[in-house]
Amino acid sequence: MNETAAAGQIPPILLIGCGRMGSAMLAGWREQGLAASVAVDPSPAAATFAGPDMTVVASADQIPAGFQPAAIVLAVKPQNAAETLPDYARFAGSAVFLSIMAGRTIGGIANLLATPNTSLAAIVRAMPNTPAAIRQGVTVACPGPGVQDAQRALCDRLLQAIGTVAWVQDEALLDPVTAVSGSGPAYVFLLAELMEQAALEQGIPPDLARILARQTVAGSGALLAASTDDAASLRKAVTSPGGTTAAALAVLMEPNACPSIVSAAIAAATKRSRELAG
Ligand SMILES: NC(=O)c1ccc[n+]([C@@H]2O[C@H](COP(=O)([O-])OP(=O)(O)OC[C@H]3O[C@@H](n4cnc5c(N)ncnc54)[C@H](OP(=O)(O)O)[C@@H]3O)[C@@H](O)[C@H]2O)c1
């Protein structure tokens, strides 16, 4: 880690992949006064992210000579890892690699960065989620062997820019984490879809059905975020005995309904994450 990073100033960052997640991270960094110094992405759209703080190039061989990143953020698709990572092996030993690639293990990434002439790469594996786009994400990060405290602190800073960050030591936890928070936004969007559909079935006009479903999910999420009470307490607070909410919850909370369906869904996603790991 260079002295700039250790002093808390803007360290040189290399961003690999400026797609949905990479560009969301970039926006968060810029808000915090951090920025990638160089980004690599072959897509023509990536050039629009260039600015006074950042050069965008299409491939690793166009990285300015002498550029020494403190952190390299791997934000390419997991299926592009094998063809992409070996180009960055020369930075193993000097930079920390922060991977957000789903399913790519620390060991698998280390193998792709290994050469006979480089030391073992310092790798942090992280799983963010899509609310990162509005700096409301939650990321779980796991440090690999040899990650120094200052490197971990830099990764934490990069991830805090897109939301809440938690660290775990056990990499195996990233499979259930992927199932709960990585895939989780889709479950919440499904709830909004199903509520909109049910509103239509009850005769509510389409425009109003959409507003009610969207704003109920969004407003309830904001209320949960703003409250110190847990979700169960907030639920009980709006449930009068014998009332309308109680009638709905009696259906939703039947043992074979939501409790077992949500549990089975997250178990299925965890299993799939383990199958895809490599
Ligand atoms: N989206 C999510 O919900 C989510 C959540 C957690 C983690 N992740 C992880 O985040 C990573 C990125 O996902 P995403 O949704 O942001 O994907 P994405 O939008 O497809 O972005 C990937 C970007 O990488 C570019 N790219 C391809 N090959 C490259 C190379 N060799 N060097 C540099 N850039 C290259 C792609 O360009 P082209 O389009 O031209 O190929 C694209 O712009 C994935 O590994 C995913 O598992 C995503």
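The values are calculated or read from the model by the stated rules, or taken from the named source; none is laboratory data. Quick caveat, the model's predicted, so the values are computed rather than measured. Glycine also receives a Cβ, built like all others from the backbone with ideal geometry; neighbour counts cover every protein chain displayed.
State all residues of segment 124-164 that are within 16 Å of the ligand (Cβ to nearest atom) and basic (Lys, Arg); if no residue qualifies, say none.
Arg125, Arg135, listed by residue number.
Being part of a helix (DSSP H, G or I) and farther than 26 Å from Gly163 by Cα is the filter here; which residues of segment 219-242 pass it?
Our first condition is that a residue be part of a helix (DSSP H, G or I); within segment 219-242, this holds for 219-226, 231-237.
Residues satisfying the conditions are Lys236, Ala237.
Just a yes or no: is a residue in segment 181-203 within 16 Å of the ligand (Cβ to nearest atom), of a type in the set (Asp, Glu) and touching a residue at least 12 places away in the same chain (Cβ under 8 Å)?
The answer is no; no qualifying residue exists.
Looking at (1) crowded, with 21+ Cβ neighbours inside 10 Å; (2) more than 11 Å from the ligand (Cβ to nearest atom); (3) over 22 Å from Gln68 (Cβ atoms), which is the one condition that is false for Met21?
Single failed check for Met21: (2).
In the set Ile106, Ile100, Ile123, which member is surrounded by 23 or more Cβ atoms within 10 Å (Cβ to Cβ), aliphatic (A, V, I, L, M), modelled with pLDDT of 95 or more and touching a Gly at 6+ places or on another chain (Cβ under 8 Å)? So that I can check it myself, show each step before the final result.
Numbers: Ile106 fails: surrounded by 23 or more Cβ atoms within 10 Å (Cβ to Cβ); Ile100 fails: touching a Gly at 6+ places or on another chain (Cβ under 8 Å).
After applying the criteria, what remains is Ile123.
Asn80: out of contact with any Pro (no Cβ under 7 Å at 6 or more places or on another chain), polar (S, T, N, Q), within 21 Å of Gly182 (Cβ to Cβ) and exposed (fewer than 15 other Cβ atoms within 10 Å of the Cβ), yes or no?
In short, yes.
Is it the case that Ala39 is within 10 Å of the ligand (Cβ to nearest atom) and in contact with a helix residue (DSSP H, G or I) (Cβ under 6 Å, 6 or more places away or on another chain)? Outline the logic, then answer.
Values: within 10 Å of the ligand (Cβ to nearest atom): yes; in contact with a helix residue (DSSP H, G or I) (Cβ under 6 Å, 6 or more places away or on another chain): no.
So Ala39 fails the test.
Right, Ala50: farther than 16 Å from Ala71 by Cα, of a type in the set (A, V, I, L, M), within 12 Å of the ligand (Cβ to nearest atom) and surrounded by fewer than 20 Cβ atoms within 10 Å (Cβ to Cβ) or not?
So Ala50 does not fit the description; no.
Hey, does segment 260-268 have a residue that's closer than 30 Å to Leu85 by Cβ, loosely packed, with under 13 Cβ neighbours inside 10 Å and under 21 Å from the mean Cα position of the chain (by Cα)?
Yes, some residue in segment 260-268 is closer than 30 Å to Leu85 by Cβ, loosely packed, with under 13 Cβ neighbours inside 10 Å and under 21 Å from the mean Cα position of the chain (by Cα).
Would you check which residues across segment 142-162 are surrounded by 15 or more Cβ atoms within 10 Å (Cβ to Cβ), in contact (Cβ under 8 Å) with a residue 40 or more places away in the chain and not in a helix (DSSP H, G or I) and list them?
Result: Val147, Ala161, Ile162.
Taking the residues in segment 55-108 that are at positive phi and away from the ligand (no atom under 13 Å from the Cβ) as candidates, determine which candidate is nearest to the chain's Cα centre (by Cα).
At the first step, the residues of segment 55-108 found to be at positive phi are 66, 93, 103.
Pick out the ones that are also away from the ligand (no atom under 13 Å from the Cβ) and you get 66, 93.
On the way: Gly66: 30, Gly93: 25 Å.
Selected residue: Gly93.
Can Thr245 be described as more than 23 Å from Asn129 (Cα to Cα), free of Cβ contacts under 8 Å to residues at least 12 places away in the same chain, more than 16 Å from the ligand (Cβ to nearest atom) and in a helix (DSSP H, G or I)? Working first, answer last.
On the way: more than 23 Å from Asn129 (Cα to Cα): yes; free of Cβ contacts under 8 Å to residues at least 12 places away in the same chain: yes; more than 16 Å from the ligand (Cβ to nearest atom): yes; in a helix (DSSP H, G or I): yes.
Here the answer is yes, as Thr245 does meet what is asked.
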